[in-house]
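Please read the structure below before turning to the comments.
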Amino acid sequence: MKLASLKNGSRDGLLVVVSRDLSRCVAAPAVAATMQQLLDSWAQLSPKLEQVYQALNNGKVDGEMAFNEAQCESPLPRAYQWADGSAYVNHVELVRKARNAEMPPSFWTDPLMYQGGSDDFIGPRDNVEVVSEDYGIDFEGEVAVITDDVAMACSADEARSKIRLLMLVNDVSLRGLIPNELAKGFGFFQSKPSSAFSPVAVTPDELGDNWRDGRVHLSLLSTYNGKLFGKPNAGIDMTFDFGQLVAHAAKTRNLSAGAVIGSGTVSNKQGTEYGTAVDEGGVGYSCIAEIRMIETIRDGKPSTAFMKFGDTIRMEMLDAQGNSIFGAIDQKVVQYKA
């Protein structure tokens, strides 16, 4: 099943069921008016929406309309919880190596995770507004899951069974603000502004065999200013699967239905120890920071600049036939004006 939230002037948008080919959609407010309402009663309501989904794919249903990704909020325009992991330890190792920092062995056995701001997600086609280019604006391509209620201290297997939906993420990062924040020893806050999620959230069964072992085995395409920047496979080099990430988040607390858990920047080593740019025949990167780290290791300093106002980033994942699964995050960076 594929679901989206359309802009309708409210904080939480209008939940719609989207056809598999992303061409059409239909609201079913008598079942659930918002994504959170659906998630709060998933066991009771999702079978009813699954019937709507099948009817939409098989032919016309009353009230169907053309689906326009530009009219979408993030599937959850706001959420009770947004916790982002760093499951691709290659990314962590690369960033630390560039600043000559040792990586503790525990990073390979215990996931990193921070709690992000979830009260104001960005729409997938909305501008990314930033006060200053000096903040070091970067995109980060990720995958995320939305959970049902998750019990504290659950196992990874139990956590996997609570995954209801998957999405793509642009986890916007302000690299220029990160060092001072981390130096305080209290984690990210100002350096992690609002994130954007794909227009469509999908149930795991929509991915078929590409969803296995708690991982999405498909390439995440990042197109920066109209040029392919990265195509790493989200199922490769993922040290911690989503079951492990959700269980980590729930180690000492319950998670409520609608909790969003991110994978961290999708990163592959393919080609060299830390990966290779697309221009050099590799799978590239899902953020600018990684290529800057490669340049620092290789040349002593980075040569690729962070994002400037007017720059664009597009993120998408395609099936074997080349069809978009989640729709596309497609955004421009602009200067924030109060």
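Among the criteria (1) within 22 Å of the chain's Cα centre (by Cα); (2) more than 20 Å from residue 248 (Cα to Cα); (3) open to solvent by 20 Å² or more (accessible area, probe 1.4 Å), the one residue 136 does not fulfil is (3). Remark: pairs (first residue in the range 67-92, in contact (Cβ under 8 Å) with a residue 60 or more places away in the chain; second residue assigned to a helix (DSSP H, G or I) and among the charged types (D, E, K, R); Cβ separation under 7 Å; 6+ apart in sequence or on different chains) = 91/290. Restricting attention to the range 62-76, the residues that are in a loop (DSSP other than H, G, I, E, B) and surrounded by fewer than 19 Cβ atoms within 10 Å (Cβ to Cβ) total 3.
Could you check, for the range 157-164, whether at least one of its residues is farther than 23 Å from residue 309 by Cα, among the aliphatic types (A, V, I, L, M) and touching a helix residue (DSSP H, G or I) at 6+ places or on another chain (Cβ under 9 Å)?
The answer is yes, given that some residue of the range 157-164 is farther than 23 Å from residue 309 by Cα, among the aliphatic types (A, V, I, L, M) and touching a helix residue (DSSP H, G or I) at 6+ places or on another chain (Cβ under 9 Å).
So, residue 293, is that one in contact with a Ser or Thr (Cβ under 9 Å, 6 or more places away or on another chain) and either crowded, with 16+ Cβ neighbours inside 10 Å or assigned to a loop (DSSP other than H, G, I, E, B) (or both) or not? It is false that residue 293 is in contact with a Ser or Thr (Cβ under 9 Å, 6 or more places away or on another chain) and either crowded, with 16+ Cβ neighbours inside 10 Å or assigned to a loop (DSSP other than H, G, I, E, B) (or both). Taking the numbered list (1) assigned to a strand (DSSP E or B); (2) closer than 15 Å to residue 315 by Cα in turn, residue 266 passes all entries but (1).
Annotation note: Cβ proximity below 7 Å between a residue of the range 223-237 that is under 12 Å from residue 316 (Cα atoms) and open to solvent by 60 Å² or more (accessible area, probe 1.4 Å) and a residue that is part of a strand (DSSP E or B) and of a type in the set (S, T, N, Q) (sequence gap 6+ or interchain) occurs for 231/219. Consider residue 298 carefully, then state whether it is among the basic types (Lys, Arg), more than 22 Å from the chain's Cα centre (by Cα) and either in a helix (DSSP H, G or I) or crowded, with 23+ Cβ neighbours inside 10 Å (or both). When the stated conditions are applied, residue 298 passes them.
The values are calculated or read from the model by the stated rules, or taken from the named source; none is laboratory data. Not measured: the values here are computed from a predicted model. Positions of Cβ are backbone-derived with ideal geometry, glycine not excepted, and every protein chain shown enters the neighbour counts. Keep in mind that these areas ignore ligands, DNA and RNA; they rest on the heavy atoms of the full protein, side chains included. Shrake-Rupley method; radii C 1.70, N 1.55, O 1.52, S 1.80 Å.
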